[in-house]
Amino acid sequence: MEKGKSLKLAALLAGALFLFIFPHFAGVFAVLLLTEILIFALFALSFNLLFGYTGLLSFGHAAFFGLGGYAMAFMVQHFHLSMLPALAISTIVAALGAAIIGFFSIRRDEIYFAMLTLGFGMMIFTLVHQWRSLTGGSDGITGFEVPVLDLLVKKLSLFSPWAYYYFSLVVCLLGAILLWRLTLSPFGLILRSMRENPERVSFVGIDIKLYRWIAFTAAGLMAGVAGALFALYDRMASPSMVHWTMSAKPVLMAILGGPRVFLGPALGALIFYLLEHFITQYTQSWMIFLGAILVPIVIFFPQGVLGTLIAWAQRLIRREGHGE
Amino acid sequence: MDTLLINILNGLCYGMLLFIISMGLTIIFGVMGVLNFAHGSFYMLGAYLCLWLAPHIHNFWLALLIAPFLVGALGALSEMALLRPLYGRDISFQLLLTFGILLILDDAVKLIWGPGYHSIEAPKALSGTVQILGSTYPVYSLFIALLGPVIATALWFFFHKTAWGKMIRAAAMDREMASAIGINVPLLFTAVFFFGTLLAGMAGVLAAPLRAIGPAMGDNIIIAAFIVVVVGGLGSFLGAFIGAIILGLVEALGIQFVPQIQMALPYLLLALILLVRPRGLFGSE
Amino acid sequence: MENDVILSVKGLSKSFGKFYALRDVSVDVKKGEITALIGPNGAGKTTFYNVITGKYRPTTGRVVFEGRDITSLPAHKVARLGLCRSFQITNIFQENTVEENILASLVAYHRKGLSLFKGLGSYRALREEAHRILEMLGLAAHAQEVAKNLAYGDKRLVEIGIALASHPKMIMLDEPTAGMTPEETERMVKMVQKLFQKTGITFLITEHDMKVVFSIAHKILVLHQGCLLAQGSPQEIRNNPRVREAYLGGSLDA
């Protein structure tokens, strides 16, 4: 057990160190790619609060990613807010959206929950697609600058990819830590218990609708943060951010990395983008490869890459323990 | 008045295509408990196969026979090789597996036929237009609108009068019971997946002369088919029929009366039905 | 005398379409007793549990628990009032550890579930209480095991542990020995008796094993085709001709 813990700590430290030091030596392309991976890692982690921890497969999570992104783009373009207030407002907008959609969606289970979230997500999509005066329709909102980070004592420009990378890194780490704390709390235990057996949870005195609603809102809120970061990264908020194919991304990432391990979806995001990056260098049809990777993972490694790795490591450690 | 009639006919035509697709989707769900995300891709494949066959056989009706059969065969193969290991596991894994199939099929189509759009002509016998109450209307669209009820009746006979049909209905109602009374479940599942994807492929062939054939056609139709089966009630055959007509009409009439929010109407319908009648219009509790 | 009654059911009926699973059932369960509910398969025992604990709404009738009307109350509210149940099939949190199974119920009872960011590890009192419960059930050694890996009999004990952790005034056990070997059954019966003596919780038990019923119950209720056929002490039930005729046959003499 102790050995497993120190191994885990070492891996986490190495990962953090890499994220802070690597960009110093990397070119602009790598920094941009890493920024996008970070943002999607947070998006996937927020989705997994519902999927891996609560047992709810949402197919409309992009709605909140998009709400955050559009709110950010709107605030920056029309009101020229600085970074922190704009980020705060985008987060609130996404959380409100999640609270409203969640209020209805959590009333259904399983496939019906997936369909309901899909429906609501696509309603948001058609809304941003049609409401040209507010959202720019199919063109989206474009042509804004990354706002300055006003820390009261100092104003920092986030224009350079490096500056924006470090800002995103800090925000995503904070977001991930908050989500992680959530999973370790009594609330997190109730979520995991609901994943296993919602009926039993209600028979020990838990109002499962309330807990699902809170989880849904928290997940939507964090997706909003990721969406806001992405809109600035992309210099654009477009309807594709809200489309159901965007909702499928965190699902794939979570499955790829492992939905039962906290950092699984983040690793899934990394794998997803690295694969996309390398495969698209050789061929346009990278979706075929994604599908060809997804299918065996679903069949043979349902715990995902990180889940499987951890299971192997545990087995190795146990075997060593027996040998001594 | 004229536009209303045309729109109703358009709605019925689209609804009947949806019905044939959704029927396959709902049979597969009812019997196997699998929500087939790749169903739209099998539909798309049907259209592409029709496109591929057309120059060789010069006969739409022959293509209508061959292409769905090929699609069904591919469906049966993927069920045996890929889905079979997943029965008994969480429903989300089956959903994701079929999503993987969707990714593969969509890109494969692009690789083979290119990313552009294609079109084929309606068969000679059904080309041209007719006059209906003073409006001109394409014969082929009318044909589809009328073919739907014919196929519905044929399916009704199949499910109520033949041994296989009865078996599938029994299994759709109670899977454990089916295996208890000695139905060969793996064989039944493969047959159902074959039949379900065959229906998708058939809808694809029928749609080929109507709609642009392109790599995205599956992704668009699958969401509509989901809405139909959920609104009608997952696993319900009557539900798929009624649901498809409702959705077809909602889309067509939406264009006429509320064009601003027409795109949102199907999703509104889906959400409303799920909240008011959780198991759809004809679903069993 | 009224104060002795913890659960009072009056004129309870539940129909599914035209079929009556329960028909006009009125019973009182006395505080501090073990009451057994028996009846052949399909007699309506599980429906009776489901209606009382809020899974189904009754068609007609009233359920009063500790003087409060709990008719049609949702399951989580019934549980909070101190009426808990176990299930006929193993109904635990399979992928969580045994300790977490108990903790989930404790978190619910102590209303700590909406504590969002404080780690579970820092709730010493909860963990100690979970440990005490596991010790009482003889499961302390398995605390960190994943529940699905336990032996069948142990899983059923976890099930009871979950009910126990919500500080119930009354526990309704639904066939706690279903599917058990004779050894496991004996262990379970002893456990129920031990819990009863230690905690004084009122028990209502459905059970198909007549030996178990007559050895632990103070009072027996007999359901037959959704109706209450008889109620009384084990001795009265044993000698009741209607019960013999309808259900028990000659098996009692064996």
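The values are calculated or read from the model by the stated rules, or taken from the named source; none is laboratory data. Small disclaimer: the values here were computed from a predicted structure and weren't measured. Please note: Cβ atoms are built from the backbone with ideal geometry, for glycine as well, and neighbour counts cover all protein chains shown. Note: areas computed on protein heavy atoms with side chains; ligands, DNA, RNA excluded. Shrake-Rupley method; radii C 1.70, N 1.55, O 1.52, S 1.80 Å.
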**OP:** Quickly estimate the mean residue ellipticity at 222 nm for chain A, helices only: each DSSP H run with n ≥ 4 gives -39500 (n - 2.57), and the total goes over all residues, rounded to 500.
**Re:** -25500 deg cm²/dmol
**OP:** Just report the Cα centroid separation between the range A:252-323 and the range C:27-99, whole Å.
**Re:** 44
**OP:** Specify the angular offset, from 0 to 90 degrees and rounded to the nearest 10, of the alpha carbon long axis of helix B:91-113 from the longest principal axis of the alpha carbons in chain B.
**Re:** 40
Subject >> Surface per residue (accessible, 1.4 Å probe) for chain C, Å² >> reply: 45
Subject >> Distance between modelled label sites at A:ALA10 and C:SER15, nm, 7 Å Cα→Cβ extension >> reply: 7.1
Original post:
So which of C:LYS148/C:LYS211; C:LYS10/C:LYS31; C:LYS55/C:LYS194; C:LYS31/C:LYS198; C:LYS30/C:LYS155; C:LYS155/C:LYS219 end up more than 19 Å apart, counting from Cα to Cα?
Top reply: C:LYS148/C:LYS211; C:LYS55/C:LYS194; C:LYS30/C:LYS155; C:LYS155/C:LYS219
Original post:
For chain A, with every protein chain kept in place, what is the accessible area per residue (1.4 Å probe, Å²)?
Top reply: 42
**OP:** For the range A:198-237, run through the trypsin sites (Lys or Arg not before Pro) and keep only the ones in DSSP coil with at most 14 other Cβ atoms within 10 Å of their Cβ.
**Re:** A:ARG235
Original post:
With every protein chain left in place, what is the accessible area of C:CYS84 in Å² (1.4 Å probe, nearest 10)?
Top reply: 0
Original post:
Counting only the heavy atoms of the protein chains, how much of A:HIS129 is accessible to a 1.4 Å probe, in Å² to the nearest 10?
Top reply: 50
**OP:** Could you please put B:LEU111, C:LEU12 in sequence from largest to smallest accessible area, using a 1.4 Å probe?
**Re:** B:LEU111, C:LEU12
Subject >> Between A and C, accessible area buried - total, square angstrom, nearest 100, 1.4 angstrom probe >> reply: 2700
Original post:
Cross-link partners among lysines for C:LYS112, C-alpha distance below 17 Å, same-chain residues fewer than 8 apart left out?
Top reply: A:LYS209, C:LYS77
Subject >> Estimated [θ] at 222 nm from DSSP helical runs (n ≥ 4, -39500 (n - 2.57)) normalised by residues in chain B, nearest 500 >> reply: -24500 deg cm²/dmol
Original post:
Which of these, B:ILE144, B:ILE273, B:ILE255, has the largest mean-square fluctuation under a Gaussian network model of chain B (Cα springs below 10 Å)?
Top reply: B:ILE255
Subject >> Residues of type aspartates and glutamates that C:LYS190 reaches as a straight line, Cα spacing below 17 Å, ignoring anything fewer than 8 places off in the same chain >> reply: C:GLU33, C:GLU135, C:ASP154, C:GLU159, C:ASP174, C:GLU175, C:GLU207, C:ASP209
Original post:
What aspartates and glutamates could a cross-link reach from B:LYS166, if we take a straight Cα to Cα line under 16 Å and drop same-chain neighbours fewer than 8 places away?
Top reply: B:ASP174, B:GLU176
Subject >> Three-way shape call for the protein assembly as shown based on the alpha-carbon gyration tensor, with the a/c threshold at 1.5 >> reply: oblate
Original post:
Rounded, prolate or oblate: which one fits chain A, using the alpha carbon gyration tensor with axes a ≥ b ≥ c (rounded when a/c is under 1.5, else prolate when a/b beats b/c, else oblate)?
Top reply: oblate
Subject >> Calculated [θ] (222 nm, deg cm²/dmol) that DSSP helices of n ≥ 4 give over chain C, each run adding -39,500 (n - 2.57) >> reply: -10000 deg cm²/dmol
Original post:
When the Karplus curve 6.51 cos²θ - 1.76 cosθ + 1.60 is applied with θ = phi - 60°, which whole-Hz ³J(HN,Hα) does each residue of the range A:256-272 get, with x for Gly and Pro?
Top reply: 4, x, x, x, 9, 10, 4, 7, x, x, 5, 4, x, 4, 4, 4, 3
Original post:
Once whole DSSP H runs in chain C are found, which of them have Cα atoms spread over 27 Å or more along the helix axis and a mean Kyte-Doolittle score of at least 1.0?
Top reply: none
Subject >> Between 0 and 90°, nearest 10: helix B:237-257 axis offset from chain B longest Cα axis >> reply: 30
Subject >> Along chain A, longest interval not containing exposed chymotrypsin sites (Phe, Trp or Tyr not before Pro), exposed being DSSP loop plus at most 14 other Cβ atoms within 10 Å >> reply: A:160-324
Original post:
Can you pull the mean other chain C-beta count within 10 Å for peptide C:105-115?
Top reply: 6
Original post:
With r defined as the distance between the Cβ atoms of C:GLU245 and C:GLU135 and R0 fixed at 45 Å, what FRET efficiency is calculated, to the nearest 0.05?
Top reply: 0.45
**OP:** Describe numerically, in nm with one decimal, the distance between label points set 7 Å from Cα along Cα→Cβ at C:ASP24 and at C:LYS211.
**Re:** 3.9
**OP:** Run the 1.4 Å probe and let me know the accessible area of C:HIS131, rounded to the nearest 10 Å².
**Re:** 90
Original post:
Over the range A:185-271, one equal point on each Cα, no solvent: what is log10 I(q)/I(0) by the Debye formula at q = 0.15, 0.16, 0.18, 0.25 Å⁻¹?
Top reply: -0.73, -0.81, -0.95, -1.26
Original post:
Expressed as an acute angle from 0 to 90° and rounded to the nearest 10, what is the orientation of the C-alpha long axis of helix B:139-161 relative to the principal long axis of chain B?
Top reply: 20
**OP:** Can you pull the one-decimal nm distance between simple spin-label points at A:HIS277 and C:GLU128, each 7 Å off the Cα toward Cβ?
**Re:** 5.2
Original post:
Among rounded, prolate and oblate, which fits the range C:93-167 when a ≥ b ≥ c are the square roots of the eigenvalues of its C-alpha gyration tensor, a/c under 1.5 means rounded, and a/b larger than b/c means prolate?
Top reply: prolate
Original post:
How high is the relative contact order of the range B:12-89, in percent, with contacts defined as C-alpha pairs under 8 Å that are six or more residues apart?
Top reply: 19
Subject >> Where A meets B: accessible area buried, both sides, 1.4 Å probe, Å² >> reply: 3600
